[in-house]
Each structure stands twice: as structure tokens, then as C-alpha cells.
Amino acid sequence: MSFTLTIRAGPARLASRIPEFAKASSGPAAAIRAFHKSAPKTTNFFTSRTTTPSLIAQKPAANSLLARLQGARRGYQYQSHTQPQPDSGLLMRKLLYGGAMVGGTWVTLQFMFNRETRADGGMPPYERSYLNKTFMHTGLGIGIIGLTAYQMLQTGFTYRLMVTNPWVVAIGGLALSFGSMLATRAIDPDNYIPKYACWAVFNATQAAFVAPLLAMAPPALLARAGLYTIAMMGAISFVGATAKQEKYLYIGGPLLAGAAIVAVSGFAPLVLPATAVRTLAFTENLWLYGGLAVFGGFTLYDVQRVLYHARLAQAGVIKEDPVNESISLELDFLNIFVRMVQILMMQQNRRK
């Protein structure tokens, strides 16, 4: 992928060179040259050519990936053709397909994982309240991550991070992310200011990891990936909330082992040679689709753990802490969202 940077002389530079032009054009020789100069050729007004082909031949810098990373919005963009109108029939078919997929996923999850429902007459009010608080903090954290990533992209902070040493940024970002997460979990929920401050730092570090992905993917694809992620997590969360108490808490150990395998598969391109094409393709599929399965299972586990902590808080064993509960669900959302974006980008590249 190539990038083109165009620098044009401004009015100030042109004004500074006016004395040179005047000096060059003064004198009798200039008058003789002006007398013998031929008249300018007239051009047809109704012609298909334009007088500024450079504006059309060059792609505006604001639409390039580099400009999106740097946050540049300079110059005027001239649109030489009309945008195609979206097909309403195609949009309706996509909506129907999406609804059918969501409905089929919900029915499948209910039939396979939720045969044994709660035997206590439904969810108690304190569990419902604690779960709602957790989901509210999860949505607020995801919103903070999205807005912060967008601001990093617009101000060029993402570009400055990418042009620096990537290993230093990665190691420092991971250290800051883990440190802020551990600090948030360690602070007592009654200390609102330091707890929410550490939580905001944690969300900012996650936004720094997500921002480069927002620069590479088109907005429509990001919106689709977000809708798919919300639908997937919503269906799994519903199953976990309405299933039998503590039914899926035993899967924490296997999920942790699966997450370790997925993480190791993500580092495979750094270890394996480029000639091992089949092995790299297998590890990539394991990273994408295996990660979807693992973090979908983590969503189910985390929802049931929230309900379990709600019962402990009702009994007075622990304090209610929806901020700590939301961190796990935020990580589940981000891992599923990143994989959704990568899968959709792969499908889009195959169609071209």
C-alpha cells in the first residue's frame, strides 16, 4: 500500500517571489519578448477536459490510511461522481438474514445449553439489580473505549504510537493495562474516586490497542462487527442469566486453558517461518474462530459468576462491586469484536 503526500506552495510563498518576477520581466528585452509572443490559444468552453487534472488524478489525503492515522482533515474534497443509491431490497434481505441468524442462535443456545432453567421461580430482585448494574458499567466502559479510540485516531496519537518502537509500546501498554486492572480490582468499592480513576485508565489503555484497528477497517464494517458482537453476547448472556444456578461455573478452568492455547497461536507468526503456510493458516483460524468460542464461553461463565457474587453480596460475604464485574465482560466484548472485524475484513478481501 502506497501513500502520496502533496505539498503545495501557499499564497505567502507566492507573494515573497513577486519581486523576482517583476525584476525578471522588467527592461526592453521583456517588452520585445512580449511583442513577439503569440496570442494565447482559445479553448473550447464545452470540453470534456478540466483545467485542473491534478485535483482529480490525486486522491485526497483525508481519505488515505495515513491521513486517518494522523488525524488530518486538510483541503477540500471534490466529488466528481454521484454516490450510488443503496438497494432497499438488498438491505431488507440483509436485515432478514441477520434476524434469522440471531433468532436461530438464540433457539440453538436455548435448546442445547438452557434445558435446565432456574428452579427457584426466576431471578430474584437483588440478582437482577446487580446484573443490571454490571451491564450498565460494561456499556459505559465500552463507550469510553470507543470514544477514546476515536479521539486518539483524530488527534494523530495512534500514528505517533505506531511510528515509535512497537515492542516498547506493546510491553508498556500491556504493563499499564494489567497494572490499572489490578489496581481497579484491589481498590475498595467505597472509594469511588480512585477506583473509577483506575478504571478510566484501564479503558484508555484498551482504547489504545483498538485504535489502529479502527484506522484500517471501514466504518460500515465496524458497525456490522459491533452488531454481531452485541447479538452474540446478548444471546449468551440471556442463556447464562436464565440457566440453573452455578451450572456453568465449572467451565472456568477449561476456558482458561483454551485462552492460553489461543494466545500461543497468536504468537505463531513470530516463531514459525513464512514458508510454513499451512501451519500459519491453521494457527490463524485457531486464533479467530477458536477465540470466538473461548470468549463466548467466558461470557457465559462471567454472567453466572456475576449472579453468584450477587448472592454472596446479599448474604453479606462480599461487597457489591459492579465495576470489577464489568471488567471481565469488557474484555470478552473486545476480544469477540476484534475477531469479528478480522473475519469480516478477510471475507471482504476475498470478494475483491
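The values are calculated or read from the model by the stated rules, or taken from the named source; none is laboratory data. Everything numeric in this text was worked out from a predicted model, so none of it was measured. Because the Cβ atoms are built from the backbone with ideal geometry, glycine has one as well, and the counts that use them run over all protein chains shown. Note: accessible area is taken over every heavy atom of the protein model, side chains too, but ligands, DNA and RNA are not part of it. Shrake-Rupley method; radii C 1.70, N 1.55, O 1.52, S 1.80 Å.
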Of the heavy-atom accessible surface of region 140-188 (probe 1.4 angstrom), what whole percent is carbon and sulfur? 78 percent
What is the percent carbon and sulfur in the accessible area of region 279-351, measuring with a 1.4 Å probe over the protein chains and ignoring ligands? 58 percent
Burial ranking of peptide ranges 292-298, 314-320 (average Cβ count within 10 Å, highest at the top): 292-298, 314-320
In terms of modelled amide H atoms, which long-range or inter-chain residues lie less than 5 Å from the amide H of Ala243? none
Note down the nm distance, to one decimal, between modelled labels 7 Å out along Cα→Cβ at Arg278 and at Glu246. 4.7 nm
Estimated vicinal HN-Hα couplings, Hz - region 207-220 in sequence order (Karplus 6.51, -1.76, 1.60; Gly, Pro = x): 5, 5, 6, 8, 4, x, 5, 5, 6, 8, 9, x, x, 5
Could you provide, to the nearest whole Å², the per residue accessible area of region 158-248 with probe 1.4 Å? 51 Å²
